[in-house]
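Please treat every number below as a calculation from the coordinates, not as lab data. In this text, all values refer to a predicted model and were calculated from it rather than measured experimentally. Every residue, glycine among them, receives a Cβ derived from its backbone with ideal geometry; neighbour counts consider all protein chains shown.
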């Protein structure tokens, strides 16, 4: 494999170069490298969460490990060179062998840290032929054969040992992030190898836990065949293991580029303390909504390679329950969602048996009510005298339509991405007004709409001056500027805007980013009362089949819809 050859070449070349410098110089460099690595692992999470998450979340863990290592090594080397101005004399053989040995050890640590850090970048599961983890045929995440010279395992193992020994702390690496290289590789096991590998800490929260009592039963009401699962070591779980569930609410920042939440076993990692250390566990099943316009939920098994479960509809948040097989002697636990640690407070709910859990899933009762309805949203009470949902009139302030009201030439679309039907799927670009209303465009080049599907459609809300739905010129509390405008449906689901159309009269800016919803009012262009020609339309992507009952900002209702607006299914085009 390519990476193995590269690593061996780097280690061999580095060792040879230090053999020419001699034993003492190589020894000093090894000590500096060893200490720099300890500093890097010690500062890893504080820097990743506290500094680099604010720069690039998909690079935070890579930078959080690599940057302090490089800086610490540079400072230590400069300090050592300043303090130790003289060398020690040894014979040629001792210098060559000692330099070669300590040079190789330094190179192993340095390349091990680089390979481990690089594993946290948004990369495919296989990096130059190297995969530290993979799915087996039954869907379990298992450790894979490493590099020919496993520098990542050697390095992580070294600092894990030090974290519980000579450099012990209250939060040792060995117990909090065991086998970090495997965790990074598992997080990259996404759909098609292109999904997100990291999120911001606030984009996921544990809203409940549960334990299934009795003997371990890996069947369920819809499938009486026991599920065949393995641990990351490729071995069956020990006798006495039990099933535990974690109910996780994912927020808009955790969406994929297409606007959906997509979950797979590698993205979720439960680290449990055991008598002899810690063990990393991955989910074997997930419970989630099964239809966009109802509250029905279902349990899905991760029982085949590359199984990915997506959210239904277009709600801003989605709640899933992930089930893990946990060894009998496991105690404290840390849950990682795409490499980010998420607190799991509170005592777990208890089900007496697998059948009791299945009954609760079917009735959406107890802890599973959160999966069905969401953890934070209550269904709104119907407005007095509410009427049945009906189609909205042409020109209404709130309407269901995937058409953006202009015609673009796909050969002049700027940064906008389109599908095979010339529908916009992602991007942010500004056009001259004449480009936005292009004339005489061949039908194969025309762009006129946003992408929709049978599960979602586009709802446009005109918030321009003079509209009842306008967000401008009103005496809003300043705190509302950091909250997003949302649509609320009859099930209580909220939908954040996924873009806007901003027409200044001379230019038109279009933003359509389903994977990055608008998180605050201040992200939206501000209108001026002095510019009568301005127009601003917010774009939402709600679930098909629901009724939109409110448009609101924070807890303040801007427009109560009576009758509500029904969101009809979007168009599935084929060419």
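Annotations
- Mean separation of Cα contacts under 8 Å (6+ apart) over length of the chain, as relative contact order %: 12 percent
- Region 454-525: C-alpha gyration tensor shape, a/c 1.5 cut-off, then a/b vs b/c: oblate
- If the Kirkwood radius is taken over C-alpha pairs of region 2-174, then at 25 °C and 0.890 mPa s the Stokes-Einstein diffusion coefficient equals 141 µm²/s.
- Folded to 0 to 90 degrees: helix 92-118 orientation relative to the chain principal axis, Cα: 10 degrees
- Shape call, region 398-566: gyration tensor on alpha carbons, a/c limit 1.5: oblate
- Ranked by how many other Cβ atoms sit within 10 Å of their own Cβ, fewest first, the residues 429, 29, 282 fall in the order 429, 29, 282.
- Relative to the longest principal axis of the Cα atoms of the chain, the long axis of helix 151-163 makes an angle of roughly 80 degrees.
- Each listed q (0.05, 0.06, 0.13 Å⁻¹) maps to a log10 I(q)/I(0) for the chain, found by the Debye formula over equal Cα scatterers with no solvent: -0.27, -0.39, -1.28.
- Whole-Å semi-axes of the ellipsoid equivalent to region 195-373 (Cα gyration tensor, √5λ, descending): 24, 20, 15
- On Cα atoms only, tilt of 354-363 relative to the major axis of the chain in degrees: 30 degrees
- Shape category assigned to region 150-251 from the gyration tensor of Cα positions, a/c cut at 1.5: prolate
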